[in-house]
Amino acid sequence: MSTAFLQQSVQFLKGVGPHRAHVLEEAGLSTVADLLHMVPRRYLDRTNVVPIRELRAGSDPVTVIGTVIAAGTIPGRRRFEVVLEDEPGRRMTAVWFQGVAWISKVIEKGHRLALHGKPARYGGTVSLSHPDFDRVDEEGPTMETGRIIGLYPGSAALQKAGLTSRTFRRIIYTLLKEHGEELRENLPGPLQAQLDLMEGRVARRAVHFPKDNDELQRARYRLKFEELFFFQLLLATTRTQRERFPGIRVPSGGPLETRFLSEVLPFTLTGAQQQALRDIAADLASGKQMNRLLQGDVGSGKTVVAATAALKVIDQGLQAVVMAPTEILCEQHARSLGRLLAPLGIEVALLTGSTPAAERRAVLAALADGSCRLLVGTHAVIQDGVDFHRLGLAVVDEQHRFGVLQRATLFEKGDRPHMLLMTATPIPRSLAMTLYGDLHVSLMRERPPGRQPISTKMVREKDRDRVYARMRDEIQAGRQCYVVYPLVEESEKLDLKDAVSGHETVSAAFPEVQVELVHGRMKPAEKEAAMSRFVSGESAILVSTTVIEVGVDVPAATLMLIEHAERFGLSQLHQLRGRIGRGQHASTCILMAEYRQSEESRRRLKAMEDTDDGFVISEIDMELRGAGDFFGTQQSGLPAFRIADLLQDQAILERAREAAFALMAEDPGLERAEHAAMRAWFEAFVLRPGMRLSRIG
Ligand code: ADP
Ligand code: MG
């Protein structure tokens, strides 16, 4: 099949036609390639069919094949029941409670069905509840190829258009029979041989119609590899393309940097910080534009790394900007960077949405004439009218909070500055290789020395008095406490009420101290005032929604009480907890949880009690939520893989990445003859619209 044929509408396939084509398109299957690459969601293994007489309630899921001898909707009870028989007198039932309307239309007495599900006892007999099902009579040629049957994703709309698993099998069978031989291999021969990969053409047939389980597994491996490989090739292309931009050459070891490291810095850098700075120094000096992600758990000390990087460019007469997602965080950065760099005579300017007009004008003027060397701000810094004299470095803190577009705008400011992206959200390696695969990454797993451990404990409402007593002890010892309420956007009002009434409760329980309240709906000035009373130690307790999540640094805060802890995601809990344990005293994190919890939230809270290693937490979080939900699917930027699974296929991913980057290094324009088929595939199916390979080489 040529790529042109594969890109044709499904409408031209036998068995499809305009109406079905429309329904398929709605389901995201518009081209021949979409259909061919829609791999079965599950398989019915007919090589492992269990006779009805051997069914046992409570066993593992089984496949049963038999004839429908009765089928019907139980009147008034909204369920559809089927009685199936495989040998005379051996019967079982299957029952569906959902989708009754369409199931009752597709299953009739006399059909031969294959069912797959977990046997349970139901009304005196063994029964399958909501089994996967499939008609296996009248299969014709599609069944001859194998005894493992593919089951395709179904929906009411597809079913209504007659697009059942059986129809899909027929259409794909015909497609492969008529055109399968024309499929060209899209991976280079040597790569295929080296990794012992099944041929593309064979794999595409076998994934739909496997001869046996062994062949199926090899086919799936090959297709997963192929999918991951081409995505990595895209990342390699992006990186290669970007590295063609010349970057301002910035040597290290200038006077400000040297004085900062030897005289001003109040502590010694950790090994991880030193390594990150070596990486950055090499990038800045390379003559290419830097794109580095600094990934370090909360408290790992990213700020000084950013400050040192900024000094390197300031030493060269260039400017630096630090962009952070919230005003609170910006104000804090401005304060702490200001304090850190004051001995060097460097002033830090602040620009946010609430900067007064006169001040804003002054900042803009200082940026334009170059007298302002370091700017901190929210996305206000990328607005029109903010022009730099000569921007050398842009640091994006908590970069995952910004969209790709905002980062791109920052990049366009001035003369393509070096970019340092920072994130305190440790993510599993496989996700990092996919999301940030085009960046260079410096990892900081080590924390500054002398950090006190944080002990984490889950408690219930009945323990509240003890929790308050514990808070009182901390406060009497001169320390401070956070009380955090969840804030989910959809129920913002409700949660706000929680925080506001929580503030009243806590104030009543601690009449002897000042209790602050901070939430996202307050006026910035009020918020700032409340925050700074807490930071200065004037107030002992801060009640807040999750606005304190990122970056807030109050070393005397040693206790955090998280209310409704079961409502938070695991990574978010970990981020919050990172606000404590930042001083020289031991800290405690208390998770107040409901008595009734889902299994998943129980595991989340247990993980919090067991570890405070952000990378371990992130692996568990991804396992609990699945890769797609890890960041929230919308803004995650994760590609939707058809067959590969980032959680399960990490080993394949590593191999695919290695192969793709090696290949790109060897043949950056994919111009060699033996890469022609791969390149055609890449351009047709992987490259983003508007991207041109020819621009790379
Ligand atoms: P994060 O990586 O979460 O942004 P910060 O940069 O805010 O962490 O650093 C957390 C705290 O650790 C700050 O108070 C900072 O001054 C301190 N810190 C950073 N590096 C070191 C170090 N090498 N030794 C001791 N303390 C450090
Ligand atoms: Mg930080």
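Filter the range 589-627 down to residues that are among the small types (Gly, Ala, Ser) and surrounded by 18 or more Cβ atoms within 10 Å (Cβ to Cβ) and give me whichever is nearest to the chain's Cα centre (by Cα).
The qualifying residue nearest to the chain's Cα centre (by Cα) is Ala627.
Does Ala324 satisfy the condition of being within 16 Å of ligand 1 (Cβ to nearest atom), out of contact with any Pro (no Cβ under 8 Å at 6 or more places or on another chain) and not assigned by TED's automatic domain parsing to the domain that holds Lys523?
Yes, satisfied.
Could you give me the residue pairs with C-beta distances under 6 Å whose first residue belongs to the range 235-246 and is at negative phi and part of a loop (DSSP other than H, G, I, E, B), whose second residue is basic (Lys, Arg) and surrounded by fewer than 16 Cβ atoms within 10 Å (Cβ to Cβ) wherever it lies, and which are 6+ apart or on separate chains?
The qualifying pairs do not exist here.
Go over the candidates Ala307, Ala358 one by one and state the one that is away from ligand 2 (no atom under 16 Å from the Cβ) and either in the same structural domain as Arg390 (by TED's automatic domain parsing) or assigned to a helix (DSSP H, G or I) (or both).
Exactly one of Ala307, Ala358 is away from ligand 2 (no atom under 16 Å from the Cβ) and either in the same structural domain as Arg390 (by TED's automatic domain parsing) or assigned to a helix (DSSP H, G or I) (or both), namely Ala358.
Among residues belonging to the range 275-309 that are more than 14 Å from Glu243 (Cβ to Cβ) and of a type in the set (Asp, Glu), point out the one that is surrounded by the fewest Cβ atoms within 10 Å (Cβ to Cβ).
Asp279
Which residues, taken from the range 151-183, are touching a strand residue (DSSP E or B) at 6+ places or on another chain (Cβ under 7 Å) and within 17 Å of Ile107 (Cβ to Cβ)?
Leu151, Ser165, Arg166
In this structure, does Val395 turn out to be farther than 19 Å from Thr308 by Cβ and in contact (Cβ under 8 Å) with a residue 60 or more places away in the chain?
No; evaluated as a whole, the condition is false for this residue.
Does the range 579-588 include one or more residues that are within 16 Å of ligand 2 (Cβ to nearest atom) and without any contact (Cβ under 8 Å) to a residue 60 or more places away in the chain?
Within the range 579-588, none of the residues are within 16 Å of ligand 2 (Cβ to nearest atom) and without any contact (Cβ under 8 Å) to a residue 60 or more places away in the chain.
Being among the hydroxyl-bearing types (Ser, Thr, Tyr) and part of a strand (DSSP E or B) is the filter here; which residues of the range 49-75 pass it?
Thr63, Thr67, Thr73
Taking the conditions exactly as written (more than 16 Å from ligand 2 (Cβ to nearest atom) and crowded, with 23+ Cβ neighbours inside 10 Å), does Ala540 satisfy them or not?
yes
Could you list, in sequence order, all residues of the range 333-371 that are among the hydroxyl-bearing types (Ser, Thr, Tyr) and touching a residue at least 24 places away in the same chain (Cβ under 8 Å)?
Within the range 333-371, Ser336, Thr352, Ser354, Thr355 meet the criteria.
With Asp34, Asp60, Asp86, Asp45 as the choices, which residue is touching a residue at least 40 places away in the same chain (Cβ under 8 Å) and either surrounded by 14 or more Cβ atoms within 10 Å (Cβ to Cβ) or basic (Lys, Arg) (or both)?
Result: Asp45 is the single residue among Asp34, Asp60, Asp86, Asp45 that is touching a residue at least 40 places away in the same chain (Cβ under 8 Å) and either surrounded by 14 or more Cβ atoms within 10 Å (Cβ to Cβ) or basic (Lys, Arg) (or both).
Can you find a residue in the range 563-573 that is of a type in the set (S, T, N, Q) and either modelled with pLDDT of 85 or more or within 16 Å of ligand 1 (Cβ to nearest atom) (or both)?
yes
For the range 165-201, what are the residues that are touching an Asp or Glu at 6+ places or on another chain (Cβ under 9 Å), over 30 Å from Leu115 (Cβ atoms) and assigned to a helix (DSSP H, G or I)?
Gly189, Pro190, Gln192, Gly200, Arg201
Free of Cβ contacts under 8 Å to residues at least 40 places away in the same chain, assigned to a helix (DSSP H, G or I) and either more than 23 Å from Phe615 (Cα to Cα) or away from ligand 1 (no atom under 13 Å from the Cβ) (or both): is that true of Leu261 in this structure?
no
Filtering the range 314-351 down to residues that are small (Gly, Ala, Ser) and outside any strand (DSSP E or B), which residue is surrounded by the most Cβ atoms within 10 Å (Cβ to Cβ)?
Among those residues, the one meeting the criterion is Ala324.
Does Gln275 qualify as being closer than 30 Å to Ile652 by Cα, within 16 Å of ligand 1 (Cβ to nearest atom) and outside any strand (DSSP E or B)?
The answer is yes for Gln275.
Given (1) more than 30 Å from Met433 (Cα to Cα); (2) within 16 Å of ligand 2 (Cβ to nearest atom); (3) crowded, with 22+ Cβ neighbours inside 10 Å, identify the lone condition not met by Glu257.
All conditions pass for Glu257, except number (2).
So if I check each of Ala334, Ala281, Ala236, which one is of a type in the set (A, V, I, L, M, F, W, C) and within 16 Å of ligand 2 (Cβ to nearest atom)?
When all the criteria are applied, what remains is Ala334.
Of everything in the range 542-555 that's assigned to a loop (DSSP other than H, G, I, E, B) and under 19 Å from Ala529 (Cβ atoms), which residue is modelled with the lowest pLDDT?
Gly551
The values are calculated or read from the model by the stated rules, or taken from the named source; none is laboratory data. Predicted model, so just to flag it, every value in this text is computed and none were measured. Here Cβ is always computed from backbone atoms with ideal geometry, including for glycine, and neighbour counts include all displayed protein chains.
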